[in-house]
Amino acid sequence: MSMLTPPGMGGEYRITGDKYPRMRRARRRRRIVLSAVAAVIALGLAGWGTLQLVDVFTGGSGKKTTAGRKAGCEPGPTTAAAPPVPLPKPAQVTVNVYNATPRSGLAKSTADELKKRGFVVGKVGNAPAAYDKKVPGTGMLLGAPTATKGAFPVLATQLKGATTKTDTRATADVDLIIGTAFTTLNTKPASDAALAALAKPKTAPKRC
């Protein structure tokens, strides 16, 4: 018996010379690994095939609808909205200029500048007692309730920070009461740009 022969092994398992018994465990491991990989691939193909069948029967509507909603926006209402009332032009606005500050000459100089810019100037003078030295801001626009959607926005382009107030008058003219914080009217380029922005139609926002 060779010294390489384990105890208790003899006969056909006797190790002699340079011959050794073949070990078959490596092949079994390879078969197990290959079987596991094949099973995973088969499961993946089965799942992919199921998704394809579902997509065929449903027409792929679910994916397309979701993608369409993300890419675009829902259309707005189909009912036609009433066209907005156009704002008056400066030549259609009559302005009464009143000075509510202790400084003299502001009403006249402001009225002259407004006239150069195309407004129609009405009365010019000191503010009534109800507003004299009681307008803390740059100025106040006073007029009929209809002026809030007409003359007020147009005249407000000429004086930054002016407040608005309505009264019971039945006429279309508006009052510009100069306040204590007044220094000057807006520059003409700035006022012209503001007037141009008012003239642009506003589009309704899309609903996404």
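The values are calculated or read from the model by the stated rules, or taken from the named source; none is laboratory data. These numbers come from a predicted model, not from an experiment. Cβ placement follows ideal geometry from the backbone for every residue including glycine, while neighbour counts extend to all protein chains displayed. The protein model used for the area step is the full one, side chains on, heavy atoms only, and it has no ligands, DNA or RNA in it. Shrake-Rupley method; radii C 1.70, N 1.55, O 1.52, S 1.80 Å.
Tell me, what is a quarter of the convex hull surface for the C-alpha atoms of the stretch 118-208, in nm² with one decimal?
On the way: hull surface 31.9 nm².
Across all orientations, the stretch 118-208 yields a mean hull projection of 8.0 nm².
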Checklist entry - Probe 1.4 Å, all protein chains in place: accessible area of Phe152 in Å², nearest 10? => result 10 Å²
Next on the checklist: If you take every residue apart from Asn126 with its C-beta less than 13 Å away from the C-beta of Asn126, what net charge results, scoring Lys and Arg +1 and Asp and Glu -1?
Outcome noted: +3
Checklist entry - Taking only the alpha carbons of the stretch 142-192, what extent do you get along each of the three principal axes, in Å, biggest first? => result 32, 25, 13
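Please go through the residue pairs Lys133/Lys200; Lys108/Lys188; Lys108/Lys133; Lys116/Lys165; Lys165/Lys188 and name each one whose alpha carbons sit more than 28 Å apart in this structure.
Numbers: Lys133/Lys200 37 Å; Lys108/Lys188 18 Å; Lys108/Lys133 17 Å; Lys116/Lys165 25 Å; Lys165/Lys188 25 Å.
Beyond 28 Å: Lys133/Lys200.
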Next on the checklist: Suppose each label sits 7 Å from its Cα in the direction of the beta carbon; what would the Lys134-Lys108 distance come out to in nanometres?
Outcome noted: 2.7 nm
Checklist outcome for this item: Counting Lys and Arg as +1 and Asp and Glu as -1 over every other residue whose Cβ sits under 12 Å from the Cβ of Asn99, the net charge comes to +2
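Given the Cα atoms of the stretch 83-152, and with Rh set as the inverse mean 1/r over their pairs in the Kirkwood sense, what is Rg to Rh to two decimals?
Numbers: Rg = 13.2 Å, Rh = 13.2 Å.
With Rh from the inverse mean 1/r over Cα pairs, Rg/Rh is 1.00.
Once you list every other residue whose beta carbon is under 14 Å from the beta carbon of Gly150, what net charge do they have if Lys and Arg are +1 and Asp and Glu are -1? Could you put the intermediate results ahead of the total?
Numbers: positive: Lys89, Lys149, Arg169; negative: Asp173.
Cβ neighbours under 14 Å give a net charge of +2.
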